1. Residues in the range 11-20: is at least one closer than 23 Å to SER115 by Cβ, open to solvent by 70 Å² or more (accessible area, probe 1.4 Å), touching a residue at least 24 places away in the same chain (Cβ under 8 Å) and not hydroxyl-bearing (Ser, Thr, Tyr)?
2. Would you please name the residue that is nearest to ARG11 (Cα to Cα), looking only at residues in the range 87-97 that are open to solvent by 10 Å² or more (accessible area, probe 1.4 Å) and of a type outside the set (Ser, Thr, Tyr)?
3. For the range 126-139, which residues satisfy the criterion of being part of a helix (DSSP H, G or I) and touching a residue at least 12 places away in the same chain (Cβ under 8 Å)?
4. Please specify each residue of the range 122-133 satisfying the condition of being touching a Ser or Thr at 6+ places or on another chain (Cβ under 8 Å) and surrounded by fewer than 17 Cβ atoms within 10 Å (Cβ to Cβ).
5. Quick test of your reading of the structure: TRP71 fulfils all but one of (1) under 17 Å from the mean Cα position of the chain (by Cα); (2) assigned to a loop (DSSP other than H, G, I, E, B); (3) modelled with pLDDT of 95 or more. Name the failing condition by number.
6. So which of LYS12, LYS30, LYS18 ends up being touching a helix residue (DSSP H, G or I) at 6+ places or on another chain (Cβ under 9 Å) and in a loop (DSSP other than H, G, I, E, B)?
7. I need the full set of residues from the range 140-160 which are open to solvent by 20 Å² or more (accessible area, probe 1.4 Å), within 23 Å of PHE31 (Cα to Cα) and free of Cβ contacts under 8 Å to residues at least 40 places away in the same chain, in order please.
8. Across the range 134-179, which residue is farthest from MET110 (Cα to Cα) among those that are of a type in the set (S, T, N, Q) and under 18 Å from the mean Cα position of the chain (by Cα)?
Amino acid sequence: MKVVAIVGSIRKESYNLKIAKNIQARYADKFDLEILDLTPLPMYNQDIEMDPPEAVLNFKAKVKEADAVLWITPEYNATIPGVLGNAIDWLSRVDKVMNGKPSIIMGSSMGMLGSVKAQMHLRDILFAIGLNSPILPGNEVYIGAVHEKIDALGQLTDGATIAFLDGVIANFLEWMKKF
């Protein structure tokens, strides 16, 4: 199974990117996870949506070819980051490559709520704007105090979080059999 990860932070030391890399390594025997880089995407512009730059074409092609999308988001001002909104703008226009594509959502923050508000907004966006992206139900992953759960090498070290992720990934793999 091929899954793409769309991480809502482009910061080099992003905790959410570290979570994506941990998932990529830990579950490599269960699915292929490619972490997509959002930095080359220009800001969405309707003037160029019919003839987008190569970076947009490549991004959309990778999402289209994937069996599912793993969204990992921080929370900025109680919602999703602009870079993530921009990626969704590109995915939701013209050929709408997300339409019907299964999604799983996760997120982390240094605060205790672990991006809960951003994830609520992301769930609304993925369903409400016509993307009709089914989202793994009942498996919310909110990693609070993430800075205390990742070591200096970027490895997730919190046993309870790792065990929880193992369960969610098992549920995700079982759920994906429906698609």
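1. Start the filter on the range 11-20 by keeping residues that are closer than 23 Å to SER115 by Cβ, which leaves 11-20.
From what's left, open to solvent by 70 Å² or more (accessible area, probe 1.4 Å): 11-13.
Right, trim to touching a residue at least 24 places away in the same chain (Cβ under 8 Å) and you get none.
No, the range 11-20 contains no residue that is closer than 23 Å to SER115 by Cβ, open to solvent by 70 Å² or more (accessible area, probe 1.4 Å), touching a residue at least 24 places away in the same chain (Cβ under 8 Å) and not hydroxyl-bearing (Ser, Thr, Tyr).
2. Narrowing the range 87-97 to residues open to solvent by 10 Å² or more (accessible area, probe 1.4 Å): 89, 92-97.
Subsequent filtering for residues that are of a type outside the set (Ser, Thr, Tyr) retains 89, 93-97.
On the way: ASP89: 20, ARG93: 26, VAL94: 29, ASP95: 29, LYS96: 27, VAL97: 26 Å.
The selected residue is ASP89.
3. The first filter runs over the range 126-139 and keeps only residues part of a helix (DSSP H, G or I), leaving 126-128.
Scanning the range 126-139 gives a single hit, LEU126.
4. Initial filter on the range 122-133 (touching a Ser or Thr at 6+ places or on another chain (Cβ under 8 Å)): 122, 126-127, 129-131, 133.
Across the range 122-133, the qualifying residues are PHE127, ILE129, GLY130.
5. Status for TRP71: all satisfied but (2).
6. Working: LYS12 fails: touching a helix residue (DSSP H, G or I) at 6+ places or on another chain (Cβ under 9 Å); LYS18 fails: in a loop (DSSP other than H, G, I, E, B).
From the options LYS12, LYS30, LYS18, the qualifying one is LYS30.
7. Within the range 140-160, GLU140, TYR142, THR157, ASP158, GLY159, ALA160 qualify.
8. Taking the range 134-179 first, the residues of a type in the set (S, T, N, Q) are 139, 155, 157, 161, 171.
Narrowing the set further to residues that are under 18 Å from the mean Cα position of the chain (by Cα) leaves 139, 161, 171.
Values: ASN139: 20, THR161: 14, ASN171: 26 Å.
In this case the residue turns out to be ASN171.
The values are calculated or read from the model by the stated rules, or taken from the named source; none is laboratory data. Keep in mind it's a predicted model, so treat the numbers as computed, not measured. Cβ coordinates were reconstructed from backbone atoms using ideal geometry, including for glycine residues, and neighbour counts include every protein chain displayed. SASA here: full protein model, heavy atoms, side chains in, ligands and nucleic acids out. Shrake-Rupley method; radii C 1.70, N 1.55, O 1.52, S 1.80 Å.
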